[in-house]
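Taking it in order: structure first as structure tokens, then the write-up.
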Amino acid sequence: MQSPTRPRLRTQSVPPVAHAPRASQDVFLSGGGNTNGAAVQRSAPQPPYARVKQYLKDALEAGRWAPGAQMPSEADLVAQFGVSRMTVHRALRELQDAGLITRLQGVGTFAAQLNRVSSTLTINDIQDEIRKRGHRHDATVHLKRAEAAPAALAARLGLNPGDTVFHTLIVHHEHGVALQCEDRYVNPACAPDYLAVDFTQMTPTHYLLDVAPLWEAHVAIEAAVPTAQEAKLLGIPRTDPCLIVVRGTVSRGVPVTLARLVHPGSRYTLESQFRP
């Protein structure tokens, strides 16, 4: 059996996060507040640039401008908010750095495509990664069903305890070698046809990026041993260290999915890129 080239999970600079909670038999995430996109009361006044930035971000999230649509000019925003051009420029620069808008000198400002959060995180599809190396990708679906969401999971997906949630458990292989165990929960409101998809042909990541454009991503990464079930599915000893990524995504203020991605440490490398 040919040994696969060790893939690299590419990330960019992200704020420090707490350790990813370890798996239980039914729910791999615990705690966490409701992330249903409700507005948060601010106890202190925002600086002028932050008010402009928040206004534009909220409007983008609400779909006021479709991806690629032209947005108000700097002059329009200066007049609307009664602030300086420098203030507006800072707000637009930070939105551009976050990957939410595109600015073309002499042309204008445009809403960005929302299938990637470019400045803080790149969401990679493991099937694409493997195929780009010229290798064969295979997926084995071990679980694919609707379940009642326990309280901790429901809170993270913006649901009520007992609401229906979609659950899949898939192992991805490269040239027949198990590379990733993907344990994923999905909010049915964001992807009602999720369980009808053939995940031996298309990955959940690919499908969800198509049907629920990515607005936010929250990631926790740790090195830890797998659960007994994960070790069995990956074909490794229970004591082998793994790279574990717990990732949640949000589309237009609505939580879409929570996924626990477990990679054998001997077969996967994490590569970070930092930008000043």
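The values are calculated or read from the model by the stated rules, or taken from the named source; none is laboratory data. This is a predicted model, so every value here is computed, not measured. Ideal geometry is used to build each Cβ from the backbone, glycine not excepted, and the neighbour counts take in all protein chains shown. Remember, those area values only see protein heavy atoms, side chains included, never the ligands or the DNA or RNA. Shrake-Rupley method; radii C 1.70, N 1.55, O 1.52, S 1.80 Å.
At an R0 of 45 angstrom, the distance between the Cβ atoms of Ala151 and Phe81 translates into a FRET efficiency of 0.60.
Shown for region 167-236: the carbon plus sulfur share of the solvent-accessible area, taken with all protein chains present and a 1.4 angstrom probe, equals 56%. Using the Cα gyration tensor of region 152-193, with a ≥ b ≥ c the square roots of its eigenvalues, what is the shape: rounded (a/c below 1.5), prolate (a/b larger than b/c) or oblate (neither)? Prolate. Shape verdict for region 42-87, please, from the Cα gyration tensor: rounded (a/c under 1.5), prolate (a/b greater than b/c) or oblate. Since a/c reaches 1.5 but b/c is at least a/b, the shape of region 42-87 is classed as oblate. Peptides 203-210, 248-255 ordered by packing proxy, namely the average of other Cβ atoms within 10 Å per residue, highest first: 248-255, 203-210. Taking a label point 7 Å from the Cα of Ala189 along the Cα→Cβ vector, which residues of region 140-158 have an amide N closer than 20 Å to it? Counting backbone N atoms under 20 Å from the label point, the list is 146-158. Summarising the label geometry, the points placed 7 Å from Cα in the beta-carbon direction at Thr239 and Tyr55 lie 6.2 nm from one another.
Working note: Karplus 6.51/-1.76/1.60 with θ = phi - 60° gives region 126-133 the couplings 4, 5, 5, 4, 5, 5, 5, 7 Hz, where Gly and Pro are set to x. Rounded if a/c is under 1.5, else prolate if a/b is larger than b/c, else oblate: which is region 189-234, with a ≥ b ≥ c the root eigenvalues of its Cα gyration tensor? Oblate is the answer for region 189-234, as a/c is 1.5 or above yet b/c matches or exceeds a/b.
A Stokes-Einstein calculation at 25 °C with viscosity 0.890 mPa s, built on the Kirkwood radius of region 118-224 over Cα pairs, returns a diffusion coefficient of 162 µm²/s.
With a simple spin-label model that places each label point 7 Å from the Cα along the Cα-to-Cβ direction, the separation between Thr164 and His142 comes to 2.6 nm.
Calculate I(q)/I(0) for region 195-276 by the Debye formula, one identical point scatterer on each C-alpha and no solvent, and give its log10 at q = 0.16, 0.19, 0.23 Å⁻¹ to two decimals. One equal scatterer on each Cα of region 195-276 leads to -0.79, -1.00, -1.13. According to the calculation over all Cα-Cα pairs in region 134-173, the P(r) per 10 Å bin from zero is 29, 34, 24, 12, 2 %.
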